[in-house]
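Down below is the structure, laid out as structure tokens.
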Amino acid sequence: MATQMYVNLPVKNLDRSVAFFTRLGFGFNPQFTDQNATCMNVGPDSFVMLLTESFFQTFTPKKIADARQSTEVLVCLSCESRNKVDEMVAQALAAGGSAPNPAKDHGFMYQHGFEDLDGHLWELAYMDASAMPKAPGQPAPAEAAVSP
């Protein structure tokens with residue numbers, strides 16, 4: 001099933017958030033942008049809607065969580081290399097974000113992340129599938145190909 005994904009995040013200041021994510025290299029769809037919201041392009045079928053808090057509130061009767069005080073979601077993006085992970089974190093820090101955790105190297109996966117200006121947590125990960133450990137009881141792809 002092919003589908004698009006839209007993550008909706010409340011922001012205190014839309015212009016400030018757009019400037020922050022622009023510095024990280026993201027683009028925005030002007031067709032879905034006004035004073036209340038913008039559509040940030042993350043991938044071919046992945047988008048993040050940055051919504052002013054007052055507009056976000058129109059979609060839910062619940063109180064909007066303060067992402068600086070609690071965590072409701074971690075947004076994780078894949079990157080094409082370890083260098084890209086480090087580069088994006090450095091760009092986020094230079095744009096006013098923070099790095100709440102140190103980078104983690106799991107051998108087959110490298111991850112680091114940042115907190116944006118509104119406290120939302122963004123994880124960045126590079127995964128080398130060829131270095132992934134085999135699942136218990138499962139043959140490696142080459143072994144499976146030669147098994148009777």
With criteria (1) crowded, with 17+ Cβ neighbours inside 10 Å; (2) over 23 Å from residue 13 (Cβ atoms); (3) at pLDDT below 95, residue 67 comes up short on (2)
Reported set for the stretch 7-40 where residues are surrounded by fewer than 14 Cβ atoms within 10 Å (Cβ to Cβ) and part of a strand (DSSP E or B) is 27, 29
Contact list, first residue from the stretch 36-56 and touching a residue at least 24 places away in the same chain (Cβ under 8 Å) and closer than 15 Å to residue 75 by Cα, second anywhere and aromatic (Phe, Trp, Tyr) and buried (at least 18 other Cβ atoms within 10 Å of the Cβ), beta-carbon distance below 8 Å, six or more apart or interchain, is 50/21
The condition of being part of a helix (DSSP H, G or I), under 18 Å from residue 125 (Cα atoms) and β-branched (Val, Ile, Thr) holds, among 89, 75, only for 89
By residue number, the members of the stretch 14-26 that are more than 16 Å from residue 75 (Cβ to Cβ) and in contact (Cβ under 8 Å) with a residue 12 or more places away in the chain are 14, 16, 18, 19, 23
Here the residues within the stretch 57-80 that are among the hydroxyl-bearing types (Ser, Thr, Tyr) and either touching a residue at least 24 places away in the same chain (Cβ under 8 Å) or farther than 19 Å from residue 118 by Cβ (or both) are 71, 78
For the stretch 77-99, the count of residues that are buried (at least 18 other Cβ atoms within 10 Å of the Cβ) and of a type in the set (Gly, Ala, Ser) equals 2
Residue pairs qualifying under the 8 Å Cβ cut-off, at least six apart or on distinct chains, with the first in the stretch 112-135 being touching a residue at least 60 places away in the same chain (Cβ under 8 Å) and the second being of a type in the set (Lys, Arg) and outside any loop (DSSP other than H, G, I, E, B), are 117/16
Do we have any residue at all in the stretch 126-141 that's touching a strand residue (DSSP E or B) at 6+ places or on another chain (Cβ under 9 Å), surrounded by 16 or more Cβ atoms within 10 Å (Cβ to Cβ) and at pLDDT 95 or above? yes
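The values are calculated or read from the model by the stated rules, or taken from the named source; none is laboratory data. Everything numeric here is computed off the predicted structure, so don't read it as measured data. Because the Cβ atoms are built from the backbone with ideal geometry, glycine has one as well, and the counts that use them run over all protein chains shown.
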